Amino acid sequence: MSSNPDALLGPADIRELAAALGVRPTKQRGQNFVIDANTVRRIVRTADVRTDDVVVEVGPGLGSLTLALLEAAAHVTAVEIDDTLASALPATVTARMPQRVDRFALVHSDAMQVTELPGPPPTALVANLPYNVAVPVLLHMLEYFPTIERTLVMVQAEVADRLAAPPGSKVYGVPSVKANWYAEVKRAGSIGRTVFWPAPNVDSGLVSLTRRAQPLKTTADRREVFAVVDAAFAQRRKTLRAALAGWAGSAAAAETALVAAGVSPQARGESLTVEEFARIAEHKPEPAEHKAEPKESE
């Protein structure tokens, strides 16, 4: 742990930093800065950050969580899109944790554009994700950085519920299935509004994701499976026979694929596991024009 008990940022520190930088949190980027040191330490504990972990953090803002992560991890790489915040963060780390500067790296970029990171491969993702891009950023990081074994993200409570929802739940949907493609997902706690500046109009939740030790056993690839998921939930009130008609080429073709996958054509997307979506993807009909012409001898 850090030898400096005052290394972490408190409410006064955050406001002072923001004022010095001329920063006002923007709704456009979903910025809500954590101003409570106990909360960021709790996040690090819940994330089970270990002394040998290489952590990637998305959206570090003014550095509240970054500093807490640096107390615990072997290395922290922060990905920040905001020009002002990105330029200020290294100085904050240097001022508050000079003994850990060599364990810190900054990537000034949109996380959705990041496909590689400097230094050793990340083993954990811990982030207070901007509410407006939380799900796409999470899925992007899991796709491009397969070495990430454990993830803990703080997101809007409603998004947390969707990510962790089981099949059959009212809020089970595209985020639930896609996250489950990569990992075992569960809710890991709630965060009150008062620990943020500015205080958001919604509650926040923690979501824990533990990457599957073995990828799903399927001959379909991720894009093929996700195409079925997207189609199934685009018209979630329809039966899968109807919802997948466009994906399969026709309702009849969809029914054939569903039956072959062992899924009822009358089922709806919210009742299916990610394994069942994968089985459906495996049985996608070939487009009529791509079907091989039968040989004359056949």
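From T256, T210, T239, T273, which residue is over 26 Å from the mean Cα position of the chain (by Cα), open to solvent by 20 Å² or more (accessible area, probe 1.4 Å), modelled with pLDDT of 95 or more and within 30 Å of R187 (Cα to Cα)?
Exactly one of T256, T210, T239, T273 is over 26 Å from the mean Cα position of the chain (by Cα), open to solvent by 20 Å² or more (accessible area, probe 1.4 Å), modelled with pLDDT of 95 or more and within 30 Å of R187 (Cα to Cα), namely T239.
Please find, among T84, T92, T115, the residue that is closer than 20 Å to A72 by Cα and of a type in the set (S, T, N, Q). Walk me through it before giving the result.
On the way: T84 fails: closer than 20 Å to A72 by Cα; T115 fails: closer than 20 Å to A72 by Cα.
Selected residue: T92, the only one of T84, T92, T115 that is closer than 20 Å to A72 by Cα and of a type in the set (S, T, N, Q).
Quick one: what pairs do we get from the stretch 118-132, first residue farther than 11 Å from V58 by Cβ and assigned to a strand (DSSP E or B), second open to solvent by 40 Å² or more (accessible area, probe 1.4 Å) and modelled with pLDDT of 90 or more, C-beta under 8 Å, 6+ apart or different chains?
Final answer for the pair search is A124/E149.
Could you say which residue among P215, P294, P285, P200 is over 22 Å from P166 (Cα atoms), at pLDDT below 95 and open to solvent by 40 Å² or more (accessible area, probe 1.4 Å)?
Of P215, P294, P285, P200, the one residue that is over 22 Å from P166 (Cα atoms), at pLDDT below 95 and open to solvent by 40 Å² or more (accessible area, probe 1.4 Å) is P294.
Checking the structure you have, find out if any residue of the stretch 160-170 is open to solvent by less than 40 Å² (accessible area, probe 1.4 Å), modelled with pLDDT of 95 or more, under 21 Å from N132 (Cβ atoms) and basic (K, R).
No, because not a single residue in the stretch 160-170 is open to solvent by less than 40 Å² (accessible area, probe 1.4 Å), modelled with pLDDT of 95 or more, under 21 Å from N132 (Cβ atoms) and basic (K, R).
Looking only at the stretch 1-38, count how many residues are small (G, A, S), touching a Gly at 6+ places or on another chain (Cβ under 9 Å) and either on the phi < 0 side of the Ramachandran plot or modelled with pLDDT of 90 or more (or both).
1
Quick check: anything in the stretch 114-122 more than 30 Å from A20 (Cα to Cα) and open to solvent by less than 30 Å² (accessible area, probe 1.4 Å)?
Scanning the stretch 114-122, I find at least one residue that is more than 30 Å from A20 (Cα to Cα) and open to solvent by less than 30 Å² (accessible area, probe 1.4 Å), so the answer is yes.
Here's a check for you: in the stretch 235-283, which residue that is in contact with an Asp or Glu (Cβ under 7 Å, 6 or more places away or on another chain) and part of a loop (DSSP other than H, G, I, E, B) is nearest to V171 (Cα to Cα)?
Only one residue tops the list, namely R236.
The values are calculated or read from the model by the stated rules, or taken from the named source; none is laboratory data. No experiment lies behind these values; they were computed from the predicted model shown. Using ideal geometry, Cβ is built from the backbone for each residue, glycine included, and neighbour counts are taken over all protein chains shown. Only protein heavy atoms, including side chains, enter the accessible area calculation; ligands, DNA and RNA are left aside. Shrake-Rupley method; radii C 1.70, N 1.55, O 1.52, S 1.80 Å.
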